[in-house]
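Peer 1: This is the structure, below, for whatever I ask next.
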Amino acid sequence: MSCMNNIIFIGFMGSGKSTVARRLSQCLSIPWVEMDALVYQKTETKNMHEVFAKGGEFLLRTTEIAIAQEYASQKNLIISTGGGVVLNKIILDFFKQAGGKVIFLNATFDTLAKRLEKDEERPLFKKDTNTKKLYEFRWPLYVNYADEILNVDNQSVDDIVKGVLNGL
Ligand code: S3P
C-alpha cells in the first residue's frame, strides 16, 4: 500500500486493540507496533508487573510519551496503544499532529470484565469497583480523542477489521 497515515487504536484494557491491529496489519500488509511491547524494550523489562516494580505507573506513562513522540512521525504504521494513553493528552497530540487516525474500540464494561476475568498481566485491572471507576473516568476521554468509534461488543475480529477498512 502506498504511503498512508498511521492508524492508532485506543480503548480500555481488553477491548481488542492488539488483536485488531495485528489482523489489520496482515490485511493491509503494513507493519504494526504495540506500545506495551515497546515499553518493555525501552525499560528493559518483560511484563507490566516488572515495569510497575521498577518505576511505578510514572515509568509507564513517561515511557509511553517518549514512544508516542518517536513513532508518531513514522508513516504506514498501525499502532495499538496501552489503555492509559488517554491520560496524557500530549500522546494523542503527537499522533494527531502527524496526521494519524485514532480509532476507539468501544466495549461495555461488562464485556471487558468478562474477557479479563482470569487476566494476570494487567496491574491496573483489579477485580473490584475501582476498575469500573477507571473505565467510567476514561470513557469520555476515548470518545473525545477518537476520529472514529467502533462498537465492538459481540463483534468478531473480522467484523471489526471490516469496520476499520470501511472507514479508511
Ligand atoms: C493499562 C493498559 C495496559 C498496559 C498497562 C496499563 C491501562 O495495556 O499499558 O497495564 O492503564 O489501561 P492494554 O490496554 O493493552 O491492556
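The values are calculated or read from the model by the stated rules, or taken from the named source; none is laboratory data. Nothing here was measured: the structure is a model prediction, and the numbers come from that model. Here the Cβ positions follow ideal geometry from the backbone for every residue, glycine too, while neighbour counts run over all protein chains shown. We work out accessible area using only protein heavy atoms, side chains counted, and drop any ligands, DNA or RNA first. Shrake-Rupley method; radii C 1.70, N 1.55, O 1.52, S 1.80 Å.
Peer 1: Picking from Lys118, Lys101, which residue would you name as being in contact with an Asp or Glu (Cβ under 6 Å, 6 or more places away or on another chain) and among the charged types (D, E, K, R)? Before the answer, list the steps.
Peer 2: Working: Lys118 fails: in contact with an Asp or Glu (Cβ under 6 Å, 6 or more places away or on another chain).
It is Lys101.
Peer 1: Would you tally the residues in region 1-21 being touching a residue at least 24 places away in the same chain (Cβ under 8 Å), out of contact with any helix residue (DSSP H, G or I) (no Cβ under 9 Å at 6 or more places or on another chain) and surrounded by fewer than 18 Cβ atoms within 10 Å (Cβ to Cβ)?
Peer 2: 2
Peer 1: Would you check if there is a residue in region 33-42 being without any contact (Cβ under 8 Å) to a residue 40 or more places away in the chain and of a type in the set (A, V, I, L, M, F, W, C)?
Peer 2: So in region 33-42, the residues without any contact (Cβ under 8 Å) to a residue 40 or more places away in the chain come out as 37-38, 40-42.
Among the residues that remain, those that are also of a type in the set (A, V, I, L, M, F, W, C) are: 37-38.
Scanning region 33-42, I find at least one residue that is without any contact (Cβ under 8 Å) to a residue 40 or more places away in the chain and of a type in the set (A, V, I, L, M, F, W, C), so the answer is yes.
Peer 1: Give me the pairs: first residue in region 67-78 and closer than 11 Å to Pro31 by Cβ and modelled with pLDDT of 95 or more, second residue of a type in the set (S, T, N, Q) and not in a helix (DSSP H, G or I), beta-carbon distance under 7 Å, and six or more apart or on different chains, which are they?
Peer 2: So the pair list comes out as Leu77/Asn6.
Peer 1: Could you list all residues from region 133-154 that are open to solvent by less than 80 Å² (accessible area, probe 1.4 Å) and either of a type outside the set (A, V, I, L, M, F, W, C) or in a loop (DSSP other than H, G, I, E, B) (or both)?
Peer 2: Looking only at region 133-154, we keep the residues that are open to solvent by less than 80 Å² (accessible area, probe 1.4 Å), and these are 134-135, 138, 140-143, 145-146, 148-150, 152-153.
Result: Tyr135, Arg138, Pro140, Tyr142, Tyr145, Ala146, Glu148, Val152, Asp153.
Peer 1: Okay, next question. Starting from residues that are open to solvent by 40 Å² or more (accessible area, probe 1.4 Å) and part of a helix (DSSP H, G or I), keep the ones in region 72-105 and report whichever is nearest to Asp153 (Cα to Cα).
Peer 2: The extreme case among them is Leu87.
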